Structure formats: C-alpha cells, structure tokens
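The values are calculated or read from the model by the stated rules, or taken from the named source; none is laboratory data. Quantities reported herein were computed from a predicted structural model and do not represent experimental measurements. Cβ sites come from the backbone with ideal geometry, for glycine too, and all protein chains shown count toward neighbours. The area values use the complete protein model at the heavy-atom level, side chains included, leaving out ligands, DNA and RNA. Shrake-Rupley method; radii C 1.70, N 1.55, O 1.52, S 1.80 Å.
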Amino acid sequence: MATHIDLNCDLGEGYGPWTLGEPGTDEALLTVVTSANVACGFHAGDPSIMAARCATALARGVAVGAHVSYRDLVGFGRRRLDVPPGELAAEVAYQVGALQAVARTVGARVGYVKPHGALYNRVVHDEEQAAAVVAGVVGVDPSLTVVGLPGSAVLRHAREAGLPTVTEAFVDRGYLADGTLVPRGRAGALVTDPAEAAERAVRLATDGVVVAVDGTLVPVEAASLCVHSDTPGAVPVARAVRAALEGAGVELRPAAR
C-alpha cells in the first residue's frame, strides 16, 4: 500500500481569449492537486496563461511541470504527427525552456516534464519518438523528471539518460487490458463519475491495480495519479479523489519538484 501519492492535472489549456472548459476550473483544481502540468504553447497555452498558472501553483505549494506536445494547436495535440526525431527534440526543448523562463518571472520553477495527448501515447511504444523527447529534455536540463505510463519507452530512455522518472495512472480515463488507455471517442474512454474515479484512485494507491474496460485487473505501479481539466466535472472528480485518498490514509504530495 502506498503511504503517499501525487495528484497531477493538465492545466493552462487555453489560448488568448479562448478558455478550455468552465471558467475558474484551473483555479479550483489548483486548490486540490499537488502537481500542475502546464501547457507550453504547442497544443494550448500562451505566455500570460503560463505565468498565471505558475504563480498560482507557487502560491499554493503545487509543483510545476512542462506539458509538452506535438505542434498542434488546431488538433489540441491529440493528432498523431510524424515529426522527425531531431525536430521533435528541438520542439520539446523549446517548450520546456519557454515554461522555465516564464516560471522564473513569477518565482516558480519547473521540476518535471510530461508529454501530452498523441505524443504521450506515441512514446509508450515508439522508441525513436521516445528517445527524441528525452533528448530534448536532457538538452535543456538533465535534472528534470520525466512523467509517463509504467513500462513506457520514454521512461526507459529517460532512466538510461540518467533522468529521474515518475510513473502515473489515470483516474478519469479507461484502460485496455494491456495497460494502455482507451482511445478517446471509444466507449469507456472517460470516467466522469466522481465516486467511480475516487474508488479507482484508492484502489490504484492501495492495491496497485485498475479494472480495464473488459473487466481485466491490470497491475499499475503509479507514483502519481492524473485528472484532466477538460474531463466533464473535473473539479468534483478531483475533489472526490483527494477526499477518498486522504480518507484511506494516503498522503498527497508532489512526486517531483
């Protein structure tokens, strides 16, 4: 049984006048989560939003991470793009460096990197893309932690490069029997019921398993649990998850700073 666990959330996913989800969602989530994955401008996010989220995270003791993506504002980073490895490494470095610079202006620092969307799913198995992501991180700051799916290629490449790693699981996403996520758009892809998400979170933290959409019990070793800010009802889901974990005696604290 885990005695402590991180609760992370993808945040800052607006752009200019456009805001993802209900107004105030990010601010509310930052009273619940322990780590904030801040969009760095390639799937969402702009300098003003990045600075605001970093400042709020700092004020609330929430760790800040760079949520890097394929360069895909139109597709919200959820389209699989074939990007040459050298280009992808440079784009990851660009995003991490941008968030680091903006974070410093408000007194915050970036402690980890987590891929977003299609890139996250791609680097579970794609060795070349995984190595490129790690190369981009190493080129900017070899002390940064990489967050990803247990058993993923990107975490293996990160460890081989000497980077700290954190495994994560998702309380608001469906799982396939192989431990990967149900593609968005398919039945069972999202978990939006707060009680169900809370039960899943406690089971992940205490038993290290999640129930896949076909009923299979999938072992998952996770040091961090994720809820997405664009999941319907994200705030009540996150609140229910935190309350359930604390009720089970699991301390919430950042996995990386």
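Worth pointing out:
- Long-range amide H partners of Val209 with built H, under 5 Å: Leu204, Val220
- The dipole here belongs to the chain: it is taken about the Cα centre, uses +1 on the Cβ of Lys and Arg and -1 on the Cβ of Asp and Glu, and is about 360 debye.
- What the Cβ-Cβ distance of Glu87 and Glu221 gives, at R0 = 35 Å and to the nearest 0.05, is a FRET efficiency of 0.60.
- Solvent exposure of region 1-111 as accessible area per residue, Å², 1.4 Å probe: 41
- Beta bridge orientation in the chain: antiparallel %, DSSP, nearest 5: 15
- Solvent-accessible surface of region 186-257, taken per residue with a 1.4 Å probe and all protein chains present: 46 Å².
- Val211 versus Asp46: modelled label distance in nm, points set 7 Å from Cα along the beta carbon direction: 4.4
- Two-site FRET efficiency, Glu22 against Glu246, from Cβ-Cβ distance with R₀ of 35 Å, rounded to 0.05: 0.90
- Cys226 long-range amide H proximity, modeled H, under 5 Å: Asn8, Ala169, Phe170, Val171
- Potential extension, His125-Thr105 segment - 0.36 nm per residue separation minus Cα distance: 3.6 nm
- Alpha carbon centroid spacing (whole Å) that separates region 158-234 from region 57-102: 21
- Max mean-square fluctuation residue, GNM over the chain, Cα-Cα springs under 10 Å, options Asp26, Asp141, Asp82: Asp82
- Counting every pair of alpha carbons in the chain, the share spaced more than 24 Å apart comes to 41 percent.
- Arg159/Thr31 FRET efficiency (R0 30 Å; Cβ-Cβ; nearest 0.05): 0.35
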